[in-house]
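Worksheet for the structure shown next.
Derivation of every value follows stated rules applied to the coordinates shown; laboratory data play no part. Nothing here was measured: the structure is a model prediction, and the numbers come from that model. Here Cβ is always computed from backbone atoms with ideal geometry, including for glycine, and neighbour counts include all displayed protein chains.
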Amino acid sequence: MLKFVSKNALILGVAAVSCVLAVAVVNELTLQEIAHQQEQNKLRTLVEVLPELKGNTEILANCVLAQDAQLLGKAAEQRIYRYQQDGQVKAYLVETTAPDGYSGNIEVLAAISPELKILGVRVLAHKETPGLGDKIELKRNPWILSFADKVLSSATDKSFAVKKDGGQFDQFAGATITPRAVVKAVKNAAVYIQQHPELAQQPATCGAAQ
């Protein structure tokens, strides 16, 4: 009887170990696939603001972490990707936050040249009012494309504002707060780039998996 119990216990033990190993393998493969999908989604977003990046997976690793609650919108670290050609930075892709949206934070990605030319902007996440503030999404309205090729002359450039405030960007009927917040966030991101020329030479501090 004891021999029979020991044999069954051994079989159950082997089965349990096998199950644990199988789950571990599946979990590892799943994590790898999730990481790969996140990487591809991130790359697609970067390509949206800077089409020249298509096929350039190295951009995901050529990234530095920046922290500036005033200019980048929140105390947490933000990612800045660097697009380089022939050893020179041609564009910074800045993840920044507009903290003063109508319904809270608006997460923004802006591609900015070292000369402070805006190459492209996209909204990554927001909670703005459907039918009003959500016009900052490209799928809702082409407004976000109006940033392309605009150049910030200085931190005091008054043209980087909505028309209601004397600037060059349209506001939305009944929803001025939302576009005002996005314009300010893009302007502040450009000011950050202007104030931190050392970004071009800093070693990468965030990798493709982030």
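Ile144 - would you say it is among the hydrophobic types (A, V, I, L, M, F, W, C), over 18 Å from Tyr83 (Cβ atoms) and in contact with a Ser or Thr (Cβ under 9 Å, 6 or more places away or on another chain)?
Here the answer is no, as Ile144 does not meet what is asked.
Condition first: assigned to a strand (DSSP E or B) and in contact with a Leu (Cβ under 9 Å, 6 or more places away or on another chain). Now tell me which residues in segment 91-106 satisfy that.
Ala91, Tyr92, Leu93, Val94, Glu95, Thr96, Thr97, Ile106, listed by residue number.
Identify, from the list Leu65, Leu109, the residue that is within 19 Å of Val183 (Cβ to Cβ), in a strand (DSSP E or B) and either basic (Lys, Arg) or in contact with an Asp or Glu (Cβ under 8 Å, 6 or more places away or on another chain) (or both).
Leu109
Determine whether Lys139 is assigned to a helix (DSSP H, G or I) and among the charged types (D, E, K, R).
no
Please determine, by comparing only the residues of segment 66-95 that are surrounded by 15 or more Cβ atoms within 10 Å (Cβ to Cβ) and of a type in the set (Asp, Glu), which one is nearest to Glu198 (Cα to Cα).
Asp68
Would you be able to say whether some residue in segment 126-135 is over 16 Å from Cys206 (Cβ atoms), in contact (Cβ under 8 Å) with a residue 40 or more places away in the chain and in a helix (DSSP H, G or I)?
yes
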